[in-house]
Amino acid sequence: MISSNNASITNNTSSIGTNTVNISSIQDTNTAQDNLITTNTENITTNASSINNLNTIIRQDGNAVHIGQNSVVFEDSGSYDAMYSSNDQLNIGRVGHNTQVVGTLSVPNPTLSDHATNKRYVDAGLAQVLAAAVLPQAMHGESNVSIAMGQHNNERAVALGLSHHDNENNVIYRFIGSRSNNSSSSAVSIGWGF
């Protein structure tokens with residue numbers, strides 16, 4: 001019986017040693033898990049801060065999406081889509097980069113000196129130049145009133161000219177005005193012969 005108890009004590013001692021190692025291993029695992037939980041908590045806080053910053057940079061206001069602090073705005077009005085700047089200045093492209101429009105870009109007729117122009121407006125200007133260029137000029141001491149028409153790429157213009165030749169002093173005076181669509185041009189000249 002004593003030898004049986006001694007064997008049981010030896011087995012129990014061995015089991016206690018094994019259990020101590022297992023407990024130590026579990027404690028190490030728990031410490032590692034605690035460290036992971038701490039790290040994940042820190043990451044969640046960082047991500048929440050990033051999401052709040054993102055909500056400031058990208059936000060929606062009705063049918064418009066704003067991107068940036070001084071935002072570029074994309075708006076769906078229902079009948080058309082619009083892109084514009086919230087601070088009234090939108091630059092497209094960058095110095096040194098090639099910015100290309102794919103498809104059709106419609107540009108309205110310019111109304112201010114720094115507005116972009118369109119092909120129709122340029123063609124109308126060329127039609128005005130052609131009409132003004134073919135106006136006859138007075139000669140031999142006469143006065144002349146003339147009208148001419150010009151066309152370039154289906155854009156038409158009309159020009160009116162007044163000229164006078166001062167035969168005594170050999171001086172020619174000219175006034176030319178032309179009009180096409182909603183734009184007009186004029187010129188005045190004086191020339192001396194010798």
Here the FRET efficiency for ASN109 versus THR39, based on Cβ atoms and R0 = 45 Å and rounded to 0.05, is 0.10
In 5 Å bins starting at 0, how do the alpha-carbon pair distances of the chain split up by percent?
1, 6, 7, 7, 7, 6, 6, 6, 5, 5, 5, 4, 4, 3, 3, 3, 3, 3, 2, 2, 2, 2, 2, 1, 1, 1, 1, 1, 0, 0, 0, 0
Using only Cα atoms and rounding to the nearest 10 degrees, what angle (0 to 90) does helix 2-57 make with the longest principal axis of the chain?
20
Neighbourhood net charge (14 Å Cβ-Cβ; Lys/Arg +1, Asp/Glu -1) for VAL65
-3
Please work out the FRET efficiency for the pair SER183 and GLN69, using the Cβ-Cβ distance as r and a Förster radius of 35 Å; give the result to the nearest 0.05.
0.30
Sort the following peptides by mean Cβ neighbour count (other Cβ atoms within 10 Å, averaged over residues), highest first: 65-77, 115-127, 25-37.
115-127, 65-77, 25-37
Using only Cα atoms, find the angle between the long axis of helix 119-133 and the longest principal axis of the chain, and express it within 0 to 90 degrees, rounded to the nearest 10.
20
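Rule-based calculations on the coordinates, nothing more; no lab input. Worth saying up front: this structure is predicted, and the values here are computed from it rather than measured. Neighbour counts run over all protein chains shown; Cβ positions are idealised from the backbone, glycine included.
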